[in-house]
Amino acid sequence: FDGDPLALADVTIYVPTRRAARALRGVFVDSLKARGGGGSAILPVIRPLGEFDEDEALFEAEPSAAIDLAPPIAATERLLLLTPLVRAWKRRLPAHVAALFAEEIVVPASTADAIWLARDLTGLMDEIETEGTDWAKLAGLVSGNLAGWWQVTLEFLGIVTDAWPKFL
């Protein structure tokens, strides 16, 4: 990368996994930051190779167990289904936070805020699924002064670990 913001615009880089694609994007961003001057550029297209190809599954000789699964929920529908769960979490939260920290928190303050939180939550759901991580591992990550706020975060993530499976 020579500093020309368009130098990599026509480049496609193939990497083995989505994780590698995210890591490489991070390296490019760090490189731009290191150059200073608010560095911006059009990054190359980074494509993971080692992911499941849905078209390939159509041509398998033996029927797959995945055929018996219900179709996935569309992204917009999932967002709209998660939003009321986020608003319900907000209704439970203020008393819990006030009891722990003697402060009031107003997140989400509106339906628009709930949609933004639901959108971020869907992104996290996708990332956890992509990485193959277990939600249960999150419970013991933080201790000390931040542990109370982490419990609030875990309660928010309970939307995915508890409320969402019940909803489905």
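List of remarks:
- Only one of L93, L124, L141 that is surrounded by 15 or more Cβ atoms within 10 Å (Cβ to Cβ) and either modelled with pLDDT under 85 or part of a helix (DSSP H, G or I) (or both): L93
- Segment 10-35, residues that are in a loop (DSSP other than H, G, I, E, B) and more than 26 Å from the chain's Cα centre (by Cα): D10, V11
- Tally, over segment 121-133, of residues that are over 15 Å from I159 (Cα atoms) and out of contact with any helix residue (DSSP H, G or I) (no Cβ under 7 Å at 6 or more places or on another chain): 4
The values are calculated or read from the model by the stated rules, or taken from the named source; none is laboratory data. Being a predicted model, the structure only gives us computed values, none of them experimental. Neighbour counts run over all protein chains shown; Cβ positions are idealised from the backbone, glycine included.
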